[in-house]
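Just below is one structure, and these are the notes that go with it.
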Amino acid sequence: MKILALSGSPRKNGNTDRYLEIVLEECRAQGAETELIRVCDLSVHGCRGCYGCVNAKACVHQDDFQLVFSKIMKADVLVLGSPVYHSSITPELKAVLDRTGFCGRWAVSEMKAKEGAYEFNASILSGKIVAPVTVARRAGQNFAFAQLLLWAACNDCLIVNNTYWNVGVAGKGGAKDAAEDEEGVTTMKNLAKRIIYTANKLNA
Ligand SMILES: Cc1cc2nc3c(=O)[nH]c(=O)nc-3n(C[C@H](O)[C@H](O)[C@H](O)COP(=O)(O)O)c2cc1C
């Protein structure tokens, strides 16, 4: 089982990275292969809306997106993590998700503008297990968390749920202390267990 975590935080070893690592550590302990990509360390432009991928069946703009996209294609599970910035996920993660969602569809499907229909299994993301994670100092978790959920929901992914939203709370002034949020850490460990449980059930 391949689990890929995408961190949308510009801060290396910040709260988001730490939370994703907690999830991955637990998944590794259960035998999964894991990788964390920090999307802010890459150069991935936002989607230009050129629709070039409809015919090319791949993104026609060359930057680090191709690298992330190939890793996403091979992953069984995507753990999407972002700090909350003004009630939103970060633009770097949004750029990756926009391009992946759009060209992931056209990589395997034909544009059916007239019918206006989408086929079953019509994306490279179809059937992938997705888990959202957000970290904030205080407010806006729900909006950022919902962005990740909505992306997964319209890209034919299977969303893993938990006994609480997968969120962490950090201190003020950019404190990198979300690992002290005991409830948040427990939630991440439970999320990892739920990811493994779901993946095993699907493969059973
Ligand atoms: C530009 C910016 C916007 C932020 N907006 C919010 C916000 O809307 N709500 C909030 O609670 N915290 C906000 N924060 C605080 C971060 O979400 C918080 O520090 C988080 O733990 C950072 O995660 P990281 O350590 O992974 O970078 C903001 C921080 C920055 C730099």
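The values are calculated or read from the model by the stated rules, or taken from the named source; none is laboratory data. It should be emphasised that the depicted structure is a prediction, and the values quoted were computed from it without experimental measurement. Ideal geometry is used to build each Cβ from the backbone, glycine not excepted, and the neighbour counts take in all protein chains shown. Surface accessibility is based on the protein's heavy atoms, side chains included, excluding ligands, DNA and RNA. Shrake-Rupley method; radii C 1.70, N 1.55, O 1.52, S 1.80 Å.
Observations on the model:
- Tally, over segment 49-86, of residues that are at negative phi, in contact with a helix residue (DSSP H, G or I) (Cβ under 9 Å, 6 or more places away or on another chain) and more than 16 Å from the ligand (Cβ to nearest atom): 18
- Test: residue in segment 69-89 that is of a type in the set (A, V, I, L, M, F, W, C), open to solvent by 10 Å² or more (accessible area, probe 1.4 Å) and part of a helix (DSSP H, G or I): yes
- Flag if A29 is more than 14 Å from the ligand (Cβ to nearest atom) and modelled with pLDDT under 95: no
- Hits in segment 131-150 - residues which are within 19 Å of L4 (Cα to Cα) and either within 16 Å of the ligand (Cβ to nearest atom) or buried (at least 21 other Cβ atoms within 10 Å of the Cβ) (or both): A131, P132, V133, T134, V135, F145, Q147, L148
- Unmet requirement for D63, which otherwise passes all of (1) in a helix (DSSP H, G or I); (2) touching a His at 6+ places or on another chain (Cβ under 7 Å): (1)
- Filtering segment 96-111 for residues that are within 13 Å of the chain's Cα centre (by Cα) and either within 16 Å of the ligand (Cβ to nearest atom) or closer than 30 Å to E183 by Cβ (or both) leaves a non-empty set.
- Tabulated pairs, segment 151-168, first open to solvent by less than 30 Å² (accessible area, probe 1.4 Å), second at pLDDT below 95, C-beta under 6 angstrom, 6+ apart or interchain: N155/S123
- Selection of segment 22-59 for residues being free of Cβ contacts under 8 Å to residues at least 24 places away in the same chain and in a loop (DSSP other than H, G, I, E, B) yields S43, R48, G49, C50, Y51.
- Pairs, first touching a residue at least 24 places away in the same chain (Cβ under 8 Å) in segment 76-94, second in a strand (DSSP E or B) and open to solvent by 20 Å² or more (accessible area, probe 1.4 Å), C-beta under 6 Å, six or more apart: D76/K2
- Residues (more than 10 Å from the ligand (Cβ to nearest atom) and open to solvent by 50 Å² or more (accessible area, probe 1.4 Å)) located in segment 1-25: M1, K2, E21, E25
- Being open to solvent by less than 20 Å² (accessible area, probe 1.4 Å), farther than 30 Å from Q62 by Cβ and in contact (Cβ under 8 Å) with a residue 24 or more places away in the chain holds for only one residue in T100, T187, T198, and it is T187.
- Total residues in segment 144-160, condition among the polar types (S, T, N, Q) and not in a helix (DSSP H, G or I): 1
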